[in-house]
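Here the structure is laid out as structure tokens; the discussion comes afterwards.
What follows draws every value from the coordinates through simple rules; no lab data is involved. As the structure is a prediction and not an experimental result, all values here were calculated from the model. All Cβ positions, even for glycine, are placed from backbone atoms using ideal geometry, and neighbour counts span all protein chains on display.
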Amino acid sequence: MVLSDLLKEYDIKQMHAISDLNNRKEELYNKLPRLREIENELNTCAINSAKAILANNNDTILDDLQKKVNTLNKERISILKSDGKDLSYLSPIYECENCKDTGYILCNGKTLMCSCLRQKLLNSKYNNSNIGNLENENFKKFNISLYSDEINEENYGEKISPRENIKFIVKAIKKFIKDFDNPTEKNLLFSGGTGLGKTFLSNCIVAELLPAR
């Protein structure tokens, strides 16, 4: 339900951005009617280009259409500049420019969750969880001396000491935090018995990723 509710919020934000753009356009076009004419002409050029491609017409037609588009765009920029604006004024203003308020981005042909949506999910899980001691469970409070430096493969199941092992784990966690916004970054899974520090380390991650509270 959390993801579904968030995506509804994203739909609303996107609709607001489009509505705001349409209002700005209408106000601007009433003031500068030539801009409306240019937009209509550009739309006509786009349709004619598509028809030319489908009809396998020669490149001369497409070249002529592209020249017209370039001329119209230059005129539009000039008109906007005379009114103290630029092309960005004719684009939606999204809360997140990466995903355009959809919650998802396209990366190497794959649809991935945007970092903004991942952060909102994280915040939601934080607010609905029992995590409430981040002031004491973070890397500043981390004490590596609590882990033995004894190497005992029989007891610990490792050929290195628990202290060296936790150093390796913390290094991996900090890399995960650093690359959190990288869509190709793999997730982390903590496993093991009770009292090994899984919850503490999880809270360390949350404390680093959550905005200052």
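Fully extending the segment from residue 90 to residue 78 would add 3.0 nm, taking 0.36 nm per residue of separation and subtracting the current Cα-Cα distance. Placing pseudo-labels 7 Å out from each Cα toward the beta carbon at residue 189 and residue 121 gives an inter-label distance of 1.6 nm. Suppose R0 equals 35 Å. What FRET efficiency, 1/(1 + (r/R0)^6) with r the Cβ-Cβ distance, do residue 47 and residue 113 give to the nearest 0.05? After rounding, the FRET efficiency stands at 0.50.
Extending 7 Å from Cα along the Cβ direction at residue 153 and again at residue 69 yields two label points whose distance is 6.6 nm. Eigen-decomposition of the gyration tensor built on the alpha-carbon atoms of region 1-45 gives equivalent ellipsoid semi-axes of 33, 13, 4 angstrom, largest listed first. Of the GluC sites (Glu not before Pro) found in region 144-213, the ones in coil according to DSSP and having at most 10 other Cβ atoms within 10 Å of their Cβ are 150.
Seen against the Cα atoms of the chain and their longest principal axis, helix 115-127 is set at about 50 degrees.
The alpha carbons of the chain give a radius of gyration and a Dmax of 27.3, 82 Å, in that order.
Taken along the Cα-to-beta-carbon direction at a fixed 7 Å, the label points for residue 12 and residue 146 span 4.1 nm. Hey, how much of the P(r) for region 159-213 falls beyond 14 Å, as a percent of Cα pairs? For region 159-213, the share of Cα pairs beyond 14 Å comes to 61 percent.
Ellipsoid fit via the Cα gyration tensor, region 1-125: semi-axes of 35, 22, 12 Å, each the root of five times an eigenvalue, largest first.
For region 15-87, report the convex hull volume of the alpha-carbon atoms normalised per residue, in Å³, without decimals.
89
Amide H contacts for residue 148 (H built 1.01 Å from N in the peptide plane; partners 5 or more residues away or on another chain; cut-off under 5 Å): 163. What angle do you read, to the nearest 10 degrees and between 0 and 90, between the alpha-carbon axis of helix 2-31 and the longest principal axis of the chain? Helix 2-31 sits at roughly 30 degrees to that axis. If you average the C-alpha positions of region 147-208 and of region 49-128 separately, how far apart do those two centres end up, in angstrom? Between the Cα centres of region 147-208 and region 49-128 lies a distance of 41 Å.
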